[in-house]
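Visitor: Pasting in a structure now, in structure tokens, and then I'll have a few things to ask.
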Amino acid sequence: MRRGGRASGVGSLVGGSLAGGSLGRGSLVAGVAALVVALAGCGAIPGSVTPVDEAEFTNELAIPPLAPSRVVDGTRVFSLTAQEGVTEFRPGVETRTWGYDGSYLGPTLRAERGERVAVEVTNDLGEPTSVHWHGMHLPAAMDGGPHQEVAPGATWRPTWEIDQPAATLWYHPHPHGKTEQHVYRGLAGMFLLDDDASRTAALPHTYGVDDVPVIVQDKILDSDGQLELKDDGSEPGTLGDVVMTNGTVGAYQEVTTERVRLRLLNGSTARTFQLGFEDRDMDLVATDGGLLDAPVRLDEVRLAPGERAEVVVKMKPGETTRLHSAEADLGNLVVPFAMGANDAFDVLELRAADELAPSPEPAWAASEHAAADELHEADVSMTRTFELDDSRINRRRMDMGRIDEVATVGSTEVWEVHSTVPMPHSFHVHDVQFRVLSIDGEAPPPELAGRKDTIYLEPGREYRLLMRFDDYADPDMPYMYHCHMLMHEDAGMMGQFVVVEPGQEAGTVPEHGAGTGTDGGAGTDGHEGHH
Ligand code: C2O
Ligand code: CU
Ligand code: CU
């Protein structure tokens, strides 16, 4: 869809965004100034392209194992332990990493709509962390944000009922001010949800065979082979020159069926990918919050940090192709090349066997819950505006003790979000899946028309997001909304909202120092008994 339509002339983009007039908000100048300082800091020179590793694709793609679980009194119980380890991204080079139940990334959790789940989260790291269930509709006290940090040695046991459509969600740490570091070191995993629609869909569904999780990340490995996170203010954070999928550098996946479904997750801290195949289109079947109404044929899909897309790719017997990331269209940026926009590289090789088992044309019926899940613009009772500049939302930085917004349980709202500075941001809201009503007053493109929880904000454009705050009123415990470029999040581009009963006032956020509040005993029980 975007083939051939990408702007690639750096000069014209610079001219366009400075002179175009669409970014005429107060902090544009400050934003550009900050950007220029940041660029000076990282030594980027106009026209330079971040070198991205040209790997040989000779390593079998690691497939995160499905997490074991047991059912206790009707609750499906998982456990996850955050731990230190060593990973060989390159043969013979030992890189110190973090992972869940292993040295890097974590197992894939999987549950069905209607099930009650619990996760025993143990922190074996030397510092507090947390585990946030990104994209999940659940009580704020179970959300795993900065108010649910788990102290070293402690176990936290959130529990909730899965009550949302089948989707590819994920989990990752969310400790106050340290999310970028924790995710970068390797803490992340997928959380797949199933329902009646996904169970009966004509879609590849054998995990790790024709239904493949693909967590795409970029890293810098320093001369000692250790993960390097830049702290020089480079925008929008660290852009790596080593690309990995599920922690495998130069990965290939054997394909044994005519179609393969890739569950793409941008698990990077800063880089936006533009994923597709040079030699074929693909069918986009799902975005962050679940299946689209119908498959959408496209050649590329842009994924900012935190976003997911499920695509189905068709293969011929014996052929090989590569998922790649093309030059990204990041919108109206002053220096897009410095943001990784010019980088193009291969991500994952698919190798088809000489004989392929048949797979059906992608198709599915609506879920029995579809009508109840549907969001209606006619129900909107509140419109809020969110302006993102270089490091703030509505000119404020995150304050753990301040509740920024109060929503009423069951109500439908429009959040009008826009970035006033020419730098990349991706906006994420906890607890809900939203629908994009419009972008600059126009209907969203088909790839942004489904359920979403994270969206890349092209600078200067206005995104109107429709969402409903079902269930779980709690006046004291906030959910987060923030930029998912994790350096920005840590710098304070985050706010807090509570969901209250009709007529109820916001309460007081519980006070706690980092890493306290969960000692594995009282904290655990306290959380579980909250709802
Ligand atoms: Cu994926 Cu608040 O984060
Ligand atoms: Cu989230
Ligand atoms: Cu941002």
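Just so you know, all these numbers are worked out from the coordinates, no wet-lab data involved. Here the structure is a predicted model, which is why all the values come from computation and not from measurement. Note that we place each Cβ from the backbone using ideal geometry, even for glycine, and neighbour counts take in every protein chain shown.
Okay, residues lined up against (1) surrounded by fewer than 22 Cβ atoms within 10 Å (Cβ to Cβ); (2) within 16 Å of ligand 2 (Cβ to nearest atom):
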| residue | (1), (2) |
| --- | --- |
| M400 | yes, no |
| G410 | yes, no |
| P424 | no, no |
| Q433 | no, yes |
| I439 | yes, no |
| E442 | yes, no |
| R451 | no, yes |
| I455 | no, yes |
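Visitor: If you scan the range 284-333, which residues turn out to be under 27 Å from M487 (Cα atoms), touching a Phe, Trp or Tyr at 6+ places or on another chain (Cβ under 6 Å) and either surrounded by fewer than 20 Cβ atoms within 10 Å (Cβ to Cβ) or among the polar types (S, T, N, Q) (or both)?
Guide: Scanning the range 284-333 gives a single hit, S325.
Visitor: Can you tell me which residue within the range 300-336, out of those that are within 16 Å of ligand 3 (Cβ to nearest atom) and of a type in the set (A, V, I, L, M), is nearest to L264 (Cα to Cα)? So that I can check it myself, show each step before the final result.
Guide: To start, the set of residues in the range 300-336 that are within 16 Å of ligand 3 (Cβ to nearest atom) comprises 302-307, 328, 330-336.
Keeping just the survivors that are of a type in the set (A, V, I, L, M) gives 303-304, 328, 330, 333-335.
Numbers: L303: 9, A304: 11, A328: 16, L330: 19, L333: 25, V334: 28, V335: 27 Å.
Among those that are within 16 Å of ligand 3 (Cβ to nearest atom) and of a type in the set (A, V, I, L, M), it is L303.
Visitor: Still on this structure: Tell me, yes or no, whether the range 133-141 has at least one residue that is crowded, with 19+ Cβ neighbours inside 10 Å, more than 16 Å from ligand 2 (Cβ to nearest atom) and not hydrophobic (A, V, I, L, M, F, W, C). Outline the logic, then answer.
Guide: Quick first cut of the range 133-141, residues crowded, with 19+ Cβ neighbours inside 10 Å only: 133-141.
After this cut, where a residue has to be more than 16 Å from ligand 2 (Cβ to nearest atom) as well, the list is none.
Checked the range 133-141: no residue is crowded, with 19+ Cβ neighbours inside 10 Å, more than 16 Å from ligand 2 (Cβ to nearest atom) and not hydrophobic (A, V, I, L, M, F, W, C).
Visitor: Look through the range 385-413, keep the residues that are within 21 Å of the chain's Cα centre (by Cα) and away from ligand 1 (no atom under 16 Å from the Cβ), and return whichever of them is farthest from P475 (Cα to Cα).
Guide: Looking at the filtered set, the residue picked out is D390.
Visitor: Within the range 223-237, which residues are assigned to a loop (DSSP other than H, G, I, E, B) and either away from ligand 3 (no atom under 15 Å from the Cβ) or touching a Gly at 6+ places or on another chain (Cβ under 9 Å) (or both)?
Guide: Listed by number, the residues that qualify are S223, D224, G225, Q226, E228, L229, K230, D231, D232, G233, S234, P236.
Visitor: Right, another one. Hey, can you tell me all the residues within the range 295-324 that are touching a residue at least 40 places away in the same chain (Cβ under 8 Å), out of contact with any helix residue (DSSP H, G or I) (no Cβ under 7 Å at 6 or more places or on another chain), under 29 Å from Q164 (Cβ atoms) and assigned to a strand (DSSP E or B)?
Guide: Hits for the range 295-324 are P295, E300, R302, L303, R308, A309, E310, V311, V312, V313, L323.
Visitor: How many residues are among the charged types (D, E, K, R) and away from ligand 1 (no atom under 12 Å from the Cβ) when one looks only at the range 139-157?
Guide: 2
Visitor: Considering each residue of the range 461-512, count those that are of a type in the set (G, A, S), more than 16 Å from ligand 3 (Cβ to nearest atom) and either out of contact with any Asp or Glu (no Cβ under 9 Å at 6 or more places or on another chain) or on the phi > 0 side of the Ramachandran plot (or both), and give that number.
Guide: So the answer is 1.
Visitor: Here is a check on your reading of the model: is G507 more than 16 Å from ligand 1 (Cβ to nearest atom), within 28 Å of D231 (Cβ to Cβ), touching a residue at least 24 places away in the same chain (Cβ under 8 Å) and of a type in the set (G, A, S)?
Guide: On the way: more than 16 Å from ligand 1 (Cβ to nearest atom): yes; within 28 Å of D231 (Cβ to Cβ): no; touching a residue at least 24 places away in the same chain (Cβ under 8 Å): yes; of a type in the set (G, A, S): yes.
Criteria not met by G507.
Visitor: When the residues of the range 454-478 are narrowed to those that are part of a loop (DSSP other than H, G, I, E, B) and over 21 Å from D390 (Cα atoms), which ends up farthest from the chain's Cα centre (by Cα)?
Guide: The selected residue is A473.
Visitor: Go through the range 84-194 and tell me which strands (runs of 3 or more DSSP E), entirely inside it, have 1 or more residues that are among the charged types (D, E, K, R).
Guide: Result: 93-100, 109-112, 116-123, 159-161, 189-194.
Visitor: Next up: Within the range 376-406, which residues are hydrophobic (A, V, I, L, M, F, W, C) and not in a loop (DSSP other than H, G, I, E, B)?
Guide: A378, V380, M382, F386, L388, I393, V406 - these are the residues of the range 376-406 that are hydrophobic (A, V, I, L, M, F, W, C) and not in a loop (DSSP other than H, G, I, E, B).
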